[in-house]
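**Q** Starting off with a structure, shown below.
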Number of protein chains: 4
Amino acid sequence: MDKPFRSKQQEQIYEVIFGYESRAGKLFDVVLICMIVISVTAVLFDSIESYHLNYGEFLFRLEWFFTIVFTIEYSFRLYSTRNARGYIFSFYGLIDLISILPTYIAFLFPSAQYLIVIRIMRVLRIFRILKLFRYMGEANLLYTALVQARRKIFVFLFSVLTLITIFGALMFIIEGPENGFNNIPQSIYWAIVTITTVGYGDISPQTPVGQFIAGLAMIFGYAIIAVPTGIIGAELMNEFQQRNRREASTNRQCVSCHATDHELDASYCKFCGNEVKQN
Amino acid sequence: MDKPFRSKQQEQIYEVIFGYESRAGKLFDVVLICMIVISVTAVLFDSIESYHLNYGEFLFRLEWFFTIVFTIEYSFRLYSTRNARGYIFSFYGLIDLISILPTYIAFLFPSAQYLIVIRIMRVLRIFRILKLFRYMGEANLLYTALVQARRKIFVFLFSVLTLITIFGALMFIIEGPENGFNNIPQSIYWAIVTITTVGYGDISPQTPVGQFIAGLAMIFGYAIIAVPTGIIGAELMNEFQQRNRREASTNRQCVSCHATDHELDASYCKFCGNEVKQN
Amino acid sequence: MDKPFRSKQQEQIYEVIFGYESRAGKLFDVVLICMIVISVTAVLFDSIESYHLNYGEFLFRLEWFFTIVFTIEYSFRLYSTRNARGYIFSFYGLIDLISILPTYIAFLFPSAQYLIVIRIMRVLRIFRILKLFRYMGEANLLYTALVQARRKIFVFLFSVLTLITIFGALMFIIEGPENGFNNIPQSIYWAIVTITTVGYGDISPQTPVGQFIAGLAMIFGYAIIAVPTGIIGAELMNEFQQRNRREASTNRQCVSCHATDHELDASYCKFCGNEVKQN
Amino acid sequence: MDKPFRSKQQEQIYEVIFGYESRAGKLFDVVLICMIVISVTAVLFDSIESYHLNYGEFLFRLEWFFTIVFTIEYSFRLYSTRNARGYIFSFYGLIDLISILPTYIAFLFPSAQYLIVIRIMRVLRIFRILKLFRYMGEANLLYTALVQARRKIFVFLFSVLTLITIFGALMFIIEGPENGFNNIPQSIYWAIVTITTVGYGDISPQTPVGQFIAGLAMIFGYAIIAVPTGIIGAELMNEFQQRNRREASTNRQCVSCHATDHELDASYCKFCGNEVKQN
């Protein structure tokens, strides 16, 4: 559904809506983010009963106003984009769509209205505006490290969830419904609360044996929290070093002894004193 | 108990049950994992009272069905394996056995039935199926790092447990049974809950002195959580660098003596002094 | 507002108040820190009801005494500093001002009196006194690493807050006011309590679906706590290596061109090709 | 108080009590550790009321038996050591003394009896026995890294405690005694509980403003937990690399091009192909 021949009007709208380099494009993004923030704030206040009773009518109209504005914006995005299908199924495209749906769905399921807070994700666009200030580079570094670490994190989480299930079942047998461990799914919930060191205390072991097992689970959780941290730290460190090496990599070689690991400012080989080839 | 002369039938069964490269072997593993997941899910639901009352009979039969299927599978594994003793005492062999025992033991101790969730550990087999997708390599890296770090982690946990015991006894003296610290083992449980930063709040200090000591324990726990993380991060980083070095050094060969373990910056073979092929 | 021509008296006061190398300057700083600690301790005790009833009058006078002393000290700082505007808007200048304001503001808003504990921040001056003992170097290393990591931390916190908002809204819809999730801001508070693994338990999910979502939030929080740790660890490691390299490279000099920035393994100057002095 | 001329008997006792290489020395250490563990276990059980009522008399005698045995052991240590003063004020010497005092002090203050659990610290001696198995090396690495990091950790903890004090005072003003924040010291206790992510929930903010400030404190605590972890991880990594470098450091230089960074198994320079000087 590519549109190779686009009208000049489409190009202009595209510049404003998708671009962030022209003056109008920047202004558009700033206004958009303000509207998103106001819209989400309105939903937050509407969920507080006293505000709902006093300003419910106003907040309801505000919500509809923003939803209609965002719907129009979405249409313009569809109209002006170079690749409509690509936009619809892109990360931001899906969020843009999900951000306007709850108000309409709320006709059928009233409580869906609060899902509008998903609009807050549109604010992540802010990183695109800040792109000029190197935030994207940092976000990319983080993203690359997380992508590199995904398999290790998966292996880790899978193993932890297996153990959480077993701890949960064990505690259900030991403590039982009379101590708040009503069933195994709830015991697994307790095990997650414990091993992640959240520790609500809404369910807690009462018998000495249960407290002993719980103690083991806690020390276990305490020791293994180190694993994802270590994984991500090591990946980030790796990314750092590769970036540094890329930046420093000059592929310069000594004419005489063929040593290659020279610094950027070197004119002579540090090993034999002969000249270094300039790139 | 090696079986050097095995029938062709045994070989075929072995391929299907233990292998994961043939079409039949893969299918077997997928079906097995589905059955394990269904079986564990059934136990989870059976532990919820309302489901137990309505579907208890059905879930009971389902459990027996799966237990019998897994018992047959275990027999076939014993029959077809090249080394029965080796299989029985291997990690997966023990889990396979433990996974079928609870149903039988439940004749004597009914609550043992729920231990069936240990079956979930059989799902760890999934890493073997995913082997083809490099998950094993990652798991191995994690495993090697943890093995390398085991002594440091042991020294660390041992020291922490010593301090936890002392904190526990101290709080028992300060707070005493009137504030919920009924005895030293329970106070040690409190100390574990606190130092691992779980913090249920089922037992918490009430006196100013007790709160002061508890504050010290928390800051202590907060500061030392860094230690295992640092250990594992450093070990992982170490593993990374060694792997990178190995990968980088293996694919260059000396023209004259064919040695292969050269560093990236080497122009001449470190063993015979002749030139190294550049990639 | 620079004062290039300062009286000798101003210079002397400056030496004592701002300096920490002369005997009088050191003494001044030690006395100051003692007074700050006593002053803050007095406020802490005044907030305890039994002490307030018995010693309230005395503690009130003590507070006024210290406030007047610190006000005089502030005037002397203004009088003797080389750059009054620079001092007023510096980090320590602002803290010095804020430290004396609460007592005066307490005329209007009595509870403001307790804000005097902000005086404790003046104790951070202690690092300046300890400067001679290399603490400043360490603090600088930490500071540099944090400054380097600020963009990554910002990207990370922004993303986490977005997800916290969505988790909060989701739990408000699922659990609702009847289970303690009275409105979305409070649900967001719950999400922060959960994802940071604090887990008070004052609000906790009661429905199975809510507990499932909460479990997801916890595992999510548990996995991503690794990210800031990894970021800061990697930055610190980076700082370490650069410092080591700097320290290692500065104390060798080229015989011919006197350049000093040579690497440890350099035998010849990389700038002129002559030999480098071995240490 | 050195004793250069010691009797043969003293030497023999020294070998058994302080040594861990002779058969008798090893046996002594194993028996000692068993007795310590039994002794501590007895105290733990004595603190449980039902055991105290039934076996109190027996456990009381057991405690006295062990205290007398340990007192005799302490005398022998004093008698046989080469340097009595050095032993008394050493880490283990102090623990050995503190381990026998509580039983005697319990004449005056009965509850002091439970302080006997400090005996558990004597078990740390186990690392000395395990010395032969490389545990000491690992413990030393950890210890060196912690010593290296002590200044950074101090700067960090000092800054955190300052902020905890301010958060505590702020919450006392906002929430006040009617919401459980009875005074500033208790509010500081709450701030510690919160920022270390322990989160008992015995004191928790009730007002929206309080919950907002608490949320800030949590996110702050969540972000800065990364700092000590990063510090220790980076220090450990540093120690690793230095140890590796020391192990690999051969100070071998190429005869012709003076390059020095050669691997252990290199016979020829990897840069110019000439021979490398053997150490």
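The values are calculated or read from the model by the stated rules, or taken from the named source; none is laboratory data. Nothing here was measured: the structure is a model prediction, and the numbers come from that model. Because the Cβ atoms are built from the backbone with ideal geometry, glycine has one as well, and the counts that use them run over all protein chains shown. Surface accessibility is based on the protein's heavy atoms, side chains included, excluding ligands, DNA and RNA. Shrake-Rupley method; radii C 1.70, N 1.55, O 1.52, S 1.80 Å.
**Q** So, taking all protein chains as they sit and a 1.4 Å probe, how much accessible area belongs to A:F107, in Å² rounded to tens?
**A** For A:F107, solvent-accessible area is about 150 Å².
**Q** For segment A:41-52, take each phi angle, set θ = phi - 60°, evaluate the Karplus expression 6.51 cos²θ - 1.76 cosθ + 1.60, and give the result in whole Hz per residue in order, putting x for glycine and proline.
**A** Per-residue couplings from phi come out as 4, 4, 5, 4, 5, 4, 7, 7, 4, 4, 5, 4 Hz.
**Q** What does a probe at A:C34 reach in segment A:41-62, counting residues whose amide N is under 19 Å from the point 7 Å along Cα→Cβ?
**A** Backbone N within reach: A:41-43, A:62.
**Q** Per-residue mean of other chain beta-carbon atoms within 10 angstrom of the beta-carbon, peptide C:184-192?
**A** Per residue, the average neighbour count from other chains is 6.
**Q** Then there is this: List the equivalent ellipsoid semi-axes of segment A:155-208 in whole Å, largest first, each obtained as the square root of 5λ for an eigenvalue λ of the Cα gyration tensor.
**A** 19, 12, 8
**Q** Out of the total accessible area of segment D:145-254 (probe 1.4 Å, heavy atoms of protein only), what percent is carbon and sulfur?
**A** C and S fraction of accessible area: 60 percent.
**Q** Find the accessible area per residue for segment A:8-131; the probe is 1.4 Å, ligands and nucleic acids are left out, and the unit is Å².
**A** Per-residue value: 54 Å².
**Q** Give me Rg over Rh for segment B:8-131, both radii from the alpha carbons and Rh done the Kirkwood way, two decimal places.
**A** 1.00
**Q** Please compute how much accessible surface disappears when C pairs with D, both sides summed, using a 1.4 Å probe, and round it to the nearest 100 Å².
**A** By this definition, chains C and D bury close to 4400 Å².
**Q** Over every pair of different alpha-carbon atoms in segment B:145-254, take the mean of 1/r and invert it; report that Kirkwood radius in Å.
**A** About 16.2 Å for segment B:145-254.
**Q** Suppose you put the label 7 Å out from Cα in the Cβ direction; list, shortest first and in nm with one decimal, how far A:A112 is from each other copy's label.
**A** 5.1, 5.2, 7.3
**Q** Roughly how crowded by other chains is peptide D:164-174, in terms of the mean Cβ count from those chains within 10 Å of each of its Cβ atoms?
**A** Mean shielding by partner chains, rounded to a whole number: 5.
**Q** Leaving out ligands, DNA and RNA, and with a 1.4 Å probe, what % of the accessible surface on segment C:8-131 is carbon or sulfur?
**A** 72 percent
**Q** Given a 1.4 Å probe and the protein chains all in place, what does the accessible area of B:H52 round to, in Å² to the nearest 10?
**A** B:H52 has an accessible surface of roughly 90 Å² with all protein chains in place.
**Q** Over the alpha-carbon set of segment C:1-56, work out the extent along each principal axis and list the three values in angstrom, largest first.
**A** 54, 28, 13
**Q** Can you give the relative contact order of segment C:145-254 as a percent, counting alpha carbon pairs under 8 Å and 6+ residues apart?
**A** Once divided by the residue count of segment C:145-254, the mean separation gives 30 percent.
**Q** With r defined as the distance between the Cβ atoms of C:Q242 and B:R150 and R0 fixed at 25 Å, what FRET efficiency is calculated, to the nearest 0.05?
**A** 0.20
**Q** Once the dipole of segment B:71-230 is set up with Lys and Arg at +1 and Asp and Glu at -1 on Cβ about the Cα centre, which of B:F172, B:S99, B:G230 lies farthest towards its positive end?
**A** Positive-most Cα among the choices belongs to B:S99.
**Q** Further question: Just want to confirm a number: the relative contact order over segment C:8-131, from Cα pairs under 8 angstrom separated by 6+ residues, in percent.
**A** This gives 29 percent for segment C:8-131.
**Q** Okay, moving on. Can you list, shortest first and in nm, the gaps between the label point of A:H52 and those of its counterparts in the other copies, using a point 7 Å from Cα in the C-beta direction?
**A** Ordered by distance, the counterparts are at 3.7, 3.7, 5.2 nm.
**Q** With +1 on each Lys and Arg Cβ and -1 on each Asp and Glu Cβ, how big is the dipole of segment D:8-131 about its Cα centre, in debye rounded to the nearest 20?
**A** Charge dipole, segment D:8-131, about its Cα centre: 540 debye, nearest 20.
**Q** Around D:T207, with a cut-off of 11 angstrom between Cβ atoms, what is the net charge of the other residues, counting Lys and Arg +1 and Asp and Glu -1?
**A** My count for the surroundings of D:T207 gives -2.
**Q** Counting only heavy atoms of the protein chains, get the accessible area per residue of segment B:145-254 (1.4 Å probe) and round it to a whole Å² value.
**A** 32 Å²
**Q** Let me ask something additional. Note the distances from C:L216 to each other copy's matching label point, with points 7 Å along the Cα-to-beta-carbon direction, in nm, sorted shortest first.
**A** 3.1, 3.1, 4.5
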